[in-house]
Structures are given as C-alpha cells and as structure tokens.
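**Q** Here it is, the structure, as structure tokens.
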Amino acid sequence: MDFEWLKRIMPRGLYGRAALILFLPVVVVTIVVTVMFLQRHFEDVTRQMTVSMTREISLVATRIDEAEDAKAARISALREAGPLGLRLILPATEPARDWREYYDLSGRVVIEELHSRVPQVQGVDLSNHREVAVTLDSRFGQYQLIFPRVRVSASNPHQLLVLMIGTSLLMTAIATIFLRNQLRPIKRLARAAEEYGKGRIIPYRPGGANEIRSAGTAFLEMRGRIERQNEQRKQMLSGVSHDLRTPLTRLRLGLSMLSSDLPPDPEDIEALESDVAAMGTMVDAFLEYARDEAQDAPPAAEPALEFVRGIVADARRGGQAVELGEMQGEPEDRAIFRRDSLRRAVENLIGNAVRYGERAEVEAALGPGWFRISVEDDGPGIPADRRDEALKPFTRLVPARNQNRGEGVGLGLTIAADIARAHGGQLRLVDGKHLGGLRAEIVIPR
C-alpha cells in the first residue's frame, strides 16, 4: 500500500510528531469513552427509567378510561396522580405533539418508549427541559400528565462529559508542558551541534532524559576530541617549523662557508648530511602521525592477551630489552580494538621505555568492561606536574628523561594518547610499580 499521502500530512518537526503520539491516544480514548457513555447512560438508563414511568402513566390512564363520566374520571385520576407526583390537566390545554431539541439524545428514547408502551399517548412535549408533558387520549377527550424530567433521564447528564473534556484539556496542558521540557534539551543539543558545524563553540551542558544526556555527553566528548586533534595539529605545525629552523640555519651557514676554490672538508659534508637526515626524520614522523588515522582498519574482536604477547615477542626479536610481565585474564578472552593502530601505540611506548631506560616490562589485564596494557621502564621517569606537558606533540623533557639511546622527535606519547582516545579510552602516566621508572597505561573499553 502507498502511504505517501500520510507522510505528506504528518508533522515534520519532532515537537509535532511527539505531540501527535501523545495526544492522539488521548483523543481516541475520549471519543470511545464518550460513545460508550452515551450508549449506556442516555439510552439504557433512560429506557429503564422511562419503562418504570410508563407503569404509573398507564395506571392513571386506566382509571380515567374506567370512570363513568368526566367528573368521576377527573376525581379518580387526581386520586392516583397526586401520590405518584403527576400533575393532571383535564382537558388538555395544548394540542398533542412530539417535540424535543436536536441535541436531546435521551429525549428520543423517552418519546419512543412512551409511545410503544402506552397506547393512549398522543404526544410527548420536551420543550421544557425540566418537565415532560405527555398528552393522552380518552373517551372524555385529551388530557395531559406532567412530571419532572429527572424521572425519565438522569439529572445534568452533561456533567460527566464536561468533566471528561475538562480533565482531557488539563492533562493535555500538563503533557504539553512536560513535552516542551523534554524537547528543550534536544533543541539545545541540536543548536550546539549546528553552531559547532559553523566553527563556533557555544556553552552546552547535557540535560533532560538519560538518553538525551548520553547523546549530549557523547557530543561533548566528540567535540573535545576534535578540538584536541586540531590543537595538536597546530602544535605539530608549530613544532615542525620550530625544529626545522635550527638544522636549516646550520645548513644555510654551512653552505655559505663552502668555497668554490677549495673542496669541502669531509667533516663539513658529514655535518650537512646529519642535518638533512635530522630534517628527514622530523618530516617522516610528521607525515606518519598525520596519516595514521586514515590508514586504520575498522575495530574488530581480537584475542587481547595473545595480541600483547605478539608485540613483546616482535620487540625482543628486534633487539629491544623488553620483558613480558603479569597477564591477567583468560587466554581466549577478546577485546574490540583496531589492531594496527593499537600495536603502533604499544610499540611507541616500548620504544620510549627502552630509549630512556635500560629495560622495559609489559603487562596486560582484562576486566569486565576494560582492557589495559601497561609499559614500565627503569628510567628516571617524568615529574607528576609535567606529565600533561609530555603528551603534547614535539615535547622532549630533556631534564627529566636522559636520552641515552638517541633523540626522538617527541611524538611517541602523543600518538599513543591519540590512539587510546580514538578507542574511547585514555593514556595514563603514573609512577612505576616494579622497575621504579615511568609507567604508561593504555586503558580502553572492551
């Protein structure tokens, strides 16, 4: 079936659709209850009350028909009508007619029942909402019996309908206020995302229901990661330009001192080649860092502890002084991560550990919802107040870390931290437990 026409008339906005979902059942229930109420109250109850009333009317009509003359009929009818609460008009002063208002639903039942159960009835006048005037025929002429309307239909039957409609309107107003409060956090989140898409950051705090809070928290974390990456890109560009300036200055100075008449000394050539190699190392590190994210494979469930054992084994074959420490968890347990990028992060941590210390130790642990890889060295460590600084690109804390195995470009910890954040985790730098140096821990969710 084609429901395109339904899609066209449906509200486009979230508020309109939520209001439709909320109010449509209320309207349907109100209509169903109203129809059932009309059927039960205005028909069944009215019919039962009218049937009871017809017995009293029939009694008076029988007394009149049995009388010998009009005077005796009047006396006999009054004797019966008085105790029954009926007012007698004999003879009738108005012509017989059936009359009711178009909205008087119970009046239709009253007229039908009186005509069907009392043969003498000629007309039922319901023009007076408080009284019922029944015109009957006899051999002495037409007469009227008048009695209160409440004896054949419930008094004030509209009160329940008014109460139902009033309650529905009140609940609708309350639901509207509640709905607006629930949709306001969504609008705030949408506005914050839209403004961020335009390059503007506005204050935003997650609020509303748990699901909306989760979405808001995820947005803030995503925005924070993007901002950190942008900041690191800026720092990288600044670091590259700063670090390249020194070898470029030396190259320029060395080239200016070369003479066209005399061949260059081997020492000068070696120095120039060293500067070129240093510049190549910096550029290669920068390019590797910039393209790491684009080359990552999608995350997959991998045997976690076996993955760590393979990294340590490869490092040992490469001649690095690294040992495998405690492994907590079942060998067959798995964790979800990007194998290539996480391997690169751990290898960077091992490289840093053996560069700034004599040996390194790698541990791994699997918890109910997390996977932790720890790399510890026996070097001098990093002071606690400078560990955040150490995670910035192109940062080399020479006073704290004696570079006895060569000089890096200051991207190892930065790459590891970025990879941990990309997995929804973090890189923590703490004091070593076993070797006494720096302990770097990558913790990611399973």
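The values are calculated or read from the model by the stated rules, or taken from the named source; none is laboratory data. What you see is a predicted model, and the numbers here were worked out from it, not measured in a lab. Cβ placement follows ideal geometry from the backbone for every residue including glycine, while neighbour counts extend to all protein chains displayed. To get the accessible areas, we keep the full protein, side chains included, count just its heavy atoms, and leave off ligands, DNA and RNA. Shrake-Rupley method; radii C 1.70, N 1.55, O 1.52, S 1.80 Å.
**Q** Could you tell me whether any residue of region 377-385 is under 43 Å from the mean Cα position of the chain (by Cα), open to solvent by less than 10 Å² (accessible area, probe 1.4 Å) and at pLDDT 90 or above?
**A** Looking for residues that are under 43 Å from the mean Cα position of the chain (by Cα), open to solvent by less than 10 Å² (accessible area, probe 1.4 Å) and at pLDDT 90 or above, one finds none in region 377-385, hence no.
**Q** Please tell me if Ile373 is under 24 Å from His423 (Cα atoms), open to solvent by 10 Å² or more (accessible area, probe 1.4 Å) and in contact (Cβ under 8 Å) with a residue 12 or more places away in the chain. Before the answer, list the steps.
**A** Working: under 24 Å from His423 (Cα atoms): yes; open to solvent by 10 Å² or more (accessible area, probe 1.4 Å): no; in contact (Cβ under 8 Å) with a residue 12 or more places away in the chain: yes.
No; evaluated as a whole, the condition is false for this residue.
**Q** Still on this structure, I have one more. Pick out the one residue from Arg87, Arg108, Arg63 that is more than 26 Å from Ser127 (Cα to Cα) and open to solvent by 40 Å² or more (accessible area, probe 1.4 Å).
**A** Result of the check over Arg87, Arg108, Arg63: Arg63.
**Q** Moving on. Quick check on Ile186: is it β-branched (Val, Ile, Thr), in contact with a Pro (Cβ under 9 Å, 6 or more places away or on another chain), in a helix (DSSP H, G or I) and surrounded by 14 or more Cβ atoms within 10 Å (Cβ to Cβ)? Give the derivation first.
**A** Numbers: β-branched (Val, Ile, Thr): yes; in contact with a Pro (Cβ under 9 Å, 6 or more places away or on another chain): no; in a helix (DSSP H, G or I): yes; surrounded by 14 or more Cβ atoms within 10 Å (Cβ to Cβ): yes.
Answer is no for this residue.
**Q** Restrict the check to region 315-329 and report whether at least one residue is in contact with a Leu (Cβ under 9 Å, 6 or more places away or on another chain), hydrophobic (A, V, I, L, M, F, W, C), assigned to a helix (DSSP H, G or I) and in the same structural domain as His434 (by the TED database).
**A** Initial filter on region 315-329 (in contact with a Leu (Cβ under 9 Å, 6 or more places away or on another chain)): 316, 327-329.
Within this subset, residues satisfying the condition of being hydrophobic (A, V, I, L, M, F, W, C) are 327.
Cutting the leftovers down to assigned to a helix (DSSP H, G or I) gives us none.
No: zero hits.
**Q** Further, regarding this structure: Looking only at region 368-392, which residues are farther than 30 Å from Ala300 by Cβ and assigned to a loop (DSSP other than H, G, I, E, B)?
**A** Hits for region 368-392 are Asp378, Gly379, Pro380, Gly381, Ile382, Pro383, Lys392.
**Q** Of the conditions (1) open to solvent by less than 70 Å² (accessible area, probe 1.4 Å); (2) over 43 Å from the mean Cα position of the chain (by Cα), Glu323 clears all except one; give me its number.
**A** With (1) open to solvent by less than 70 Å² (accessible area, probe 1.4 Å); (2) over 43 Å from the mean Cα position of the chain (by Cα) applied to Glu323, the lone miss is (1).
**Q** Condition first: at pLDDT 85 or above, assigned to a loop (DSSP other than H, G, I, E, B), over 13 Å from Val322 (Cβ atoms) and not β-branched (Val, Ile, Thr). Can you find one or more residues in region 352-359 that meet it?
**A** no
Conditions tested, residue by residue: (1) open to solvent by less than 70 Å² (accessible area, probe 1.4 Å); (2) of a type in the set (A, V, I, L, M); (3) over 17 Å from Ile415 (Cα atoms); (4) modelled with pLDDT under 70.
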site	(1), (2), (3), (4)
Met236	yes, yes, no, yes
Gly239	yes, no, no, yes
Leu244	yes, yes, yes, no
Pro247	yes, no, yes, no
Leu255	no, yes, yes, no
Ser259	yes, no, yes, yes
Leu262	no, yes, yes, yes
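**Q** Right, something else. Give the residues of region 430-446 that are within 36 Å of the chain's Cα centre (by Cα), within 22 Å of Pro380 (Cβ to Cβ) and open to solvent by 20 Å² or more (accessible area, probe 1.4 Å), sorted by residue number.
**A** Result: no residue meets the conditions.
**Q** So is Thr50 at pLDDT 75 or above, out of contact with any His (no Cβ under 9 Å at 6 or more places or on another chain) and within 19 Å of Asp137 (Cβ to Cβ) or not?
**A** Values: at pLDDT 75 or above: yes; out of contact with any His (no Cβ under 9 Å at 6 or more places or on another chain): yes; within 19 Å of Asp137 (Cβ to Cβ): no.
So Thr50 does not fit the description; no.
**Q** So, one more: Check whether at least one residue in region 155-175 is in a loop (DSSP other than H, G, I, E, B), open to solvent by 50 Å² or more (accessible area, probe 1.4 Å) and at pLDDT below 75, and report yes or no.
**A** Yes, some residue in region 155-175 is in a loop (DSSP other than H, G, I, E, B), open to solvent by 50 Å² or more (accessible area, probe 1.4 Å) and at pLDDT below 75.
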